[in-house]
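> To start, I am sharing the structure in question, which I have written as structure tokens.
Read-outs throughout are calculated quantities, based only on the coordinates presented, and are distinct from any laboratory measurement. A quick note: this is a predicted structure, and the numbers were derived from the prediction, not measured. With ideal geometry, Cβ positions are generated from the backbone for all residues, glycine too; neighbour counts draw on all protein chains shown.
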2 protein chains.
Amino acid sequence: MMNRALDRNRAPIFEALQAHASRKTASFHVPGHKSGAGVDPASASFFTSILSIDLTEITGLDDLHHPEGIIGEAQRLAADCFGAEESYFLVGGSTVGNLTMITTLCEPGDLLLVQRNVHKSVINGLMLAGASAVFLPTSYDAVSGTAIGVSIEDVAKGLGLYPEAKGLLVTNPNYYGMGVDLRRIAELLHRNGKPLLVDEAHGAHYGFHPSLPPSALACGADVVVQSTHKMLTAMTMGAMLHVQGQLVNRNLLKNRLAMLQSSSPSYPIMASLDLARRNMHMNGFEIIEHGLLAVQIVIAQLDRQDCFGYMGQDADAEGHCWKDPFKISIYDKTGTLTGPQLQEALEEQGCFVEMSDLKYVLLLLTPASTREDAFRVIEALGHISAFHGLERIKESATPLAPARMPSEISVPIAFQLSYSMDLDAWGTIELTIQEAVGKRSAEMVTPYPPGIPLLYPGERVTQAAADYLQMLVGMGIRVHATALGISGKLIVYNE
Amino acid sequence: MMNRALDRNRAPIFEALQAHASRKTASFHVPGHKSGAGVDPASASFFTSILSIDLTEITGLDDLHHPEGIIGEAQRLAADCFGAEESYFLVGGSTVGNLTMITTLCEPGDLLLVQRNVHKSVINGLMLAGASAVFLPTSYDAVSGTAIGVSIEDVAKGLGLYPEAKGLLVTNPNYYGMGVDLRRIAELLHRNGKPLLVDEAHGAHYGFHPSLPPSALACGADVVVQSTHKMLTAMTMGAMLHVQGQLVNRNLLKNRLAMLQSSSPSYPIMASLDLARRNMHMNGFEIIEHGLLAVQIVIAQLDRQDCFGYMGQDADAEGHCWKDPFKISIYDKTGTLTGPQLQEALEEQGCFVEMSDLKYVLLLLTPASTREDAFRVIEALGHISAFHGLERIKESATPLAPARMPSEISVPIAFQLSYSMDLDAWGTIELTIQEAVGKRSAEMVTPYPPGIPLLYPGERVTQAAADYLQMLVGMGIRVHATALGISGKLIVYNE
């Protein structure tokens, strides 16, 4: 099986499911819907066809946690396509990939260098591992104030201060599609015998076209997590974890995956990963080219009007970074509409967007985006401009700059799954955001999107953090925290 | 929103997705397939319809980790339907539910009473929590030797020996549909101020019909995990976690769920949970009645012939337990065919089954099973009987009795995510099963199904365990372990 020549035009998982479905077998196994026989009639037009291949680990359909057949072959094809030595299919999104790579590399008490603006699943991984993080500061985009990534100087400084660090974890690109050159960072780490772990959730399409940055794997990263559902065509929750090199224990990694992923993984999601891979393997360049056409239309039309700008429009003002052309962050140049207001106005026109921050609305295009999509959003912006009279620049046009995160290398911050020592000793109370200043947060508080934690459990609420949080809430930015959305309060330790 | 009257005929998540899909919006958000525009043409007939509702947390579609809209409403309807105070939708199967309930109840060093024959995800939960387990022995079915569940006497003894225990976790029913009466066990725990956690993965249909056992919630359990995809009609990985009472910290539980589940949960899976709930909420009795008809046909036909028996056929010989009628474990009474051989023969006839052990083949019927399914398996058995000449009882007809697990209450066994102290000190080696006797396993070794670990990491390989494992492998039973399926070897510590 291992020697079988790889045929990139095959989609082994999908083909096996299709073959099984065509055999008209009788099911005396899970799932309970019995290939769709039990489907709710009202939902049949959406569900019946997919349920015919919503199967399980019956004979011939292999086992994600012990792949010897179609899943093993599909994973080897994925490794070939994305440039890894080994690839693992994830059915729990990049979340489970991030949890896995951290709990594989770090034991309780171990120390990891971590980019400050990481996704909250990275923090959760640190908590599960019981590891400590030394947070490295990030560069910032000069115009938008957006956090981008770590510098090689700070990585070198971090390694010098903490030679016991197990490695470095970065989230690259960021939510806006901005990233840093990982090649020199990977080299530096490897010279120190340490691995580079990359949460590349938004970069599954990287490296398939000269207009795109190279992939993290091509830059030398040791473990890379990609959300195949975000920028390619897998079903939501379909993701991959890729490995190369010998700096990470692969047996332990497989054990962690088997621990953290469902023992009943979704075959439709796995098949969609298989199909997404085949598309890119066969026609990656053409597929990207197709999507870039929509991108080019949007950009060209934006350049022809004066109301709406986009991040990166004035290239000279940008800090050095790599930029994903599929992420277009637009804003109202007249200063009339905030990000959330522009988002709402676009949605009234039927254009649903990825997210908004205080100023920007992020349009996330992908290789599947079309010319029609491009013209539709431009038309919507025209309507919005006319309706709100955006031709006049308002007095209050100064853009709001996002609050910056600390610019120094942090001291080691210990994360643990347990925080009941605190809970037991102090208990928790709910306080308004302003009352909470000076207290320690009892939970992670994460504006979402982009999912970068503003407060970690145990971190003190500073006045700056409270003011920023208050502003986000006031502007309708969603914030993940247990009570904030219900009572407007934060849960803090009652010291 | 909280006061809104519940209408069980609504399916809020599905309805919102359907409404969004019908609006013909343009997508500038994930997922990358853009409502199916990027689907692989070869797979379109399976995927296109579901991809139109494979959406994400855009405006109006709520947020699983912060539910305030359709997901919150769907979860309240589920709580009403299944008899919980609060219900949470799981998109990572019962696996994530088991991990969550253990990491919510147990801190590192805490002790939990645990039924010995639990699913491996329970062991993984103990490892994540860094908790210790005191394993309680189980009763056994007198005829098949199958492990069933804990006795109230052993629970009382466990509580007496370990008053510091945080609670009790049981898997009930077992894979074969056998279980114990949880009511007195729940009462005993509650008198001691401790919660009962139930992995009820195979019992989501319990309590909806007088022919079925009552649900764990009805028996008083505090936290219950159900695989809605196994016996009801959700898509695979769709499950629920239910809570009642005040013995478990619900805020912490929500935090754990947000940590362990994808931050991009699958909407089709959530919608399928919503629809499965509506079906049972509206027509639970009739739906079960429909499935029982298929069960009754299979049983009546089995009773009319002499080649094949089924577990529980001779009711007097059974130990006291509750039995799910939808699980029919058949075997070759003549002793000619082992479980795996009978499974293979059935699959040649197009009847795919849930699993086989050494002797039995488990036919898993559900409310969606039909009369046609029932007649088809009976016909297949007739063919098999004729082909193998099963009318004559062979000499070797003595059934193989599964090896029994320890019958005493265990000492506390500490689990931890870290086992690199051992790895660092000793390293690991791969040995054949027989060579491994006396060594400590470096990983969990789990015959699968039914997914009950035979060896835990760090547990010594006894001669009995090695012989049993050798027999399982020889008979074609799949065993989860890193190298066993490839090289036939176990990974053990090189002490």
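> Of all beta bridges DSSP finds with both residues in chain B, what is the antiparallel percent, to the nearest 5?
Working: 33 of 47 bridges.
So the antiparallel bridges in chain B amount to around 70 percent.
> Here's something else I'd like to know. Scan chain B for the residue whose Cβ is closest to the axis carrying it onto chain A, then write down that distance in whole angstrom.
B:Ile50, 2
> More than 12 angstrom separation, counting every C-alpha pair in segment B:251-292; what % is that? Display every interim value, and only then the final one.
Working: 601 of 861 pairs.
Taking all Cα-Cα pairs of segment B:251-292, the fraction more than 12 Å apart is 70 percent.
> Going by how many other beta carbons lie within 10 Å of each one, how would you line up A:Leu90, B:Leu113, fewest first? Don't skip to the end; give the middle numbers.
Numbers: A:Leu90 32, B:Leu113 27.
So the ranking, lowest neighbour count to highest, is B:Leu113, A:Leu90.
> Can you pull the semi-axes for segment B:17-82, root of five times each eigenvalue of the Cα gyration tensor, sorted largest first, whole Å?
Those come to 26, 14, 10 Å.
> Stretched out fully, how many nm does the piece from A:Asn9 to A:Glu372 gain, at 0.36 nm a residue minus the Cα gap?
Numbers: separation 363, 0.36 × 363 = 130.68 nm, distance 2.96 nm.
Result for the pair: 127.7 nm of gain on full extension.
> Explain nothing, just the number: relative contact order of chain A, from Cα pairs under 8 Å at least 6 residues apart, as a whole percent. Before the final figure, lay out each step's value.
Values: 967 pairs, mean separation 76.2, N = 495.
Worked out over chain A, it gives 15 percent.
> Moving on to the next point. Would you mind computing Rg(Cα) / (2.2 N^0.38 Å) for segment B:197-307, counting N as its residues? Don't jump to the answer; show the numbers that get you there.
Details: Rg = 16.8 Å, N = 111, 2.2 N^0.38 = 13.2 Å.
Cα Rg divided by the expected 2.2 N^0.38 Å: 1.28.
> Are any of the pairs A:Lys230/B:Lys254; B:Lys230/B:Lys327; A:Lys120/B:Lys34 more than 20 Å apart by Cα-Cα distance, and if so, which?
Values: A:Lys230/B:Lys254 25 Å; B:Lys230/B:Lys327 12 Å; A:Lys120/B:Lys34 25 Å.
Among A:Lys230/B:Lys254; B:Lys230/B:Lys327; A:Lys120/B:Lys34, the Cα-Cα distance tops 20 Å for A:Lys230/B:Lys254; A:Lys120/B:Lys34.
> Could you pull the Rg and Dmax for the protein assembly as shown, using just the Cα atoms, both in Å?
27.9, 97
> Sticking with the crude label model, points 7 Å out along Cα→Cβ, report the distance from A:Ile152 to B:Ala142 in nm, one decimal please.
Rounded to a tenth, the inter-label distance reads 7.7 nm.
> Follow-up question, since we're still on this one. Report the calculated FRET efficiency for B:Asp467 and B:Ala218 (r = Cβ-Cβ distance, R0 = 45 Å), to the nearest 0.05.
Details: r = 42 Å, r/R0 = 0.92.
Efficiency for this residue pair is about 0.60.
> If you don't mind, another one. For segment B:86-163 and segment B:187-205, compute the distance between their C-alpha centroids and round to whole Å.
10
> Taking just the C-alpha trace of segment B:347-394, give me its Rg and Dmax in Å.
Final numbers for Rg and Dmax: 12.1, 37 Å.
> Which lysines have a Cα less than 20 Å from the Cα of B:Lys333, not counting those fewer than 8 places away in the same chain?
Answer for B:Lys333, where 20 Å is the Cα cut-off: B:Lys359, B:Lys394, listed by chain and number.
> Any idea what diffusion coefficient segment B:171-241 gets from Stokes-Einstein, in µm²/s, Kirkwood Rh on alpha carbon pairs, 25 °C, 0.890 mPa s?
Numbers: Rh = 12.4 Å.
In µm²/s, the coefficient rounds to 199.
> With the Cα gyration tensor of segment B:14-139 giving a ≥ b ≥ c as the square roots of its eigenvalues, does the rule (a/c under 1.5 for rounded; else a/b larger than b/c for prolate; else oblate) give rounded, prolate or oblate?
Details: a/c = 2.80, a/b = 2.10, b/c = 1.33.
The shape class here is prolate.
> What span do the alpha-carbon atoms of segment A:257-336 cover on each of the three principal axes, reported in whole Å from largest to smallest?
53, 31, 26
> If you take each beta carbon of peptide B:264-277 and count the beta carbons of other chains within 10 angstrom, what is the mean?
If you average over the peptide's residues, the count of other-chain Cβ atoms is 6.
> Using a 7 Å offset from Cα along the direction of the beta-carbon, what are the separations from A:Gly109 to the same position in each other copy, nm, ascending?
1.4
> Going by a ≥ b ≥ c, the root eigenvalues of the Cα gyration tensor, does segment A:137-209 fall in the rounded group (a/c under 1.5), the prolate group (a/b larger than b/c) or the oblate group?
Values: a/c = 2.35, a/b = 1.41, b/c = 1.66.
Oblate, since a/c reaches 1.5 and b/c is not below a/b.
> Which of A:Met475, B:Met127, B:Met355 has the fewest other C-beta atoms within 10 Å, and how do the rest follow up to the most? Let's see the in-between values first.
Values: A:Met475 15, B:Met127 23, B:Met355 26.
The most exposed by this proxy come first: A:Met475, B:Met127, B:Met355.
> Mind listing which GluC sites (Glu not before Pro) in segment A:162-213 are in a DSSP loop and have 12 or fewer other Cβ atoms within 10 Å?
Numbers: sites: A:Glu164, A:Glu187, A:Glu200; in loops: A:Glu164, A:Glu200.
In loop regions of segment A:162-213 (DSSP not H, G, I, E or B), the sparsely surrounded GluC sites (Glu not before Pro) are A:Glu164.
> Here is a follow-up. Separation between the B:Ala44 and B:Met475 pseudo-spin-labels, each 7 Å from Cα along Cα→Cβ, expressed in nm?
Inter-label distance under the simple model: 4.9 nm.
> Give the lysines reachable from A:Lys157 as a straight Cα distance under 21 Å; neighbours fewer than 8 places away on the same chain don't count.
Cα-Cα hits under 21 Å: A:Lys166, A:Lys194.
> Neighbour counts of other C-beta atoms within 10 Å: give me A:Ser144, A:Ser410, A:Ser266, B:Ser35 arranged from fewest to most. Walk me through the numbers on the way to the answer.
Details: A:Ser144 23, A:Ser410 14, A:Ser266 31, B:Ser35 20.
Least crowded to most crowded, the residues run A:Ser410, B:Ser35, A:Ser144, A:Ser266.
> I've got another one for you. Would you mind pulling out the separation of the Cα centroids of segment B:324-356 and segment B:8-38, in Å?
Cα centroid of segment B:324-356 versus Cα centroid of segment B:8-38: 42 Å apart.
> If you take each beta carbon of peptide A:235-242 and count the beta carbons of other chains within 10 angstrom, what is the mean? All intermediate terms of the calculation are to be shown ahead of the outcome.
Details: counts 10, 16, 13, 5, 2, 0, 0, 0.
Partner-chain Cβ atoms within 10 Å, mean over residues of A:235-242: 6.
> What does the charge add up to near A:Gln244, with Lys and Arg as +1, Asp and Glu as -1, over the other residues with Cβ less than 11 Å from its Cβ?
On the way: positive: A:Arg250; negative: A:Glu85, A:Glu86, A:Asp222.
Taking every Cβ under 11 Å from that of A:Gln244, the sum is -2.
> Taking every residue in B:44-55, how many Cβ atoms of other protein chains lie within 10 Å of its Cβ, on average? The partial results should precede the final answer.
Details: counts 1, 3, 14, 10, 2, 7, 10, 6, 2, 3, 11, 2.
Taking the mean over all residues of the peptide, I get 6.
> Need the full-extension length gain, B:Ser410 to B:Glu68, defined as separation in residues times 0.36 nm minus the C-alpha distance. One decimal, nm. Don't jump to the answer; show the numbers that get you there.
Details: separation 342, 0.36 × 342 = 123.12 nm, distance 4.45 nm.
Contour length minus the Cα-Cα distance gives 118.7 nm.
> Can you say what percent of the DSSP beta bridges in the protein assembly as shown, counting only those with both residues inside, are antiparallel? Round to 5.
Values: 66 of 100 bridges.
Of the beta bridges lying entirely in the protein assembly as shown, close to 65 percent run antiparallel.
> Still on this model: If the viscosity is 0.692 mPa s and the temperature 37 °C, what Stokes-Einstein diffusion coefficient in µm²/s follows for chain B when Rh is the Kirkwood radius over Cα pairs? Provide the component values of the computation, followed by the final result.
On the way: Rh = 24.2 Å.
Rounded, D is 136 µm²/s.
> Sort shortest first the distances from A:Glu187 to its counterpart in every other copy, using label points 7 Å along the Cα-to-beta-carbon line, and give them in nm.
7.4
> Along Cα→Cβ at 7 Å, what distances in nm separate the A:Glu435 label point from those on the other copies, shortest first?
The projected label point of A:Glu435 is separated from its counterparts by 6.7 nm.
> Next up: For segment A:429-472, what size does the Cα cloud have along each of its three principal axes, sorted from largest down, in whole Å?
Projected onto its principal axes, the Cα set of segment A:429-472 covers 25, 20, 16 Å.
> Rounded to the nearest 5, what is the percent of antiparallel bridges among the DSSP beta bridges in segment B:92-185?
On the way: 1 of 8 bridges.
In segment B:92-185, approximately 10 percent of DSSP beta bridges are antiparallel ones.
> Then there's this: Just from its helices, what would the mean residue ellipticity at 222 nm be for chain A, if runs of 4 or more DSSP H residues each count -39500 (n - 2.57) and the sum is divided by every residue, rounded to the nearest 500 deg cm²/dmol? Don't skip to the end; give the middle numbers.
Values: 15 runs with 177 residues, N = 495.
-11000 deg cm²/dmol, from helical runs alone.
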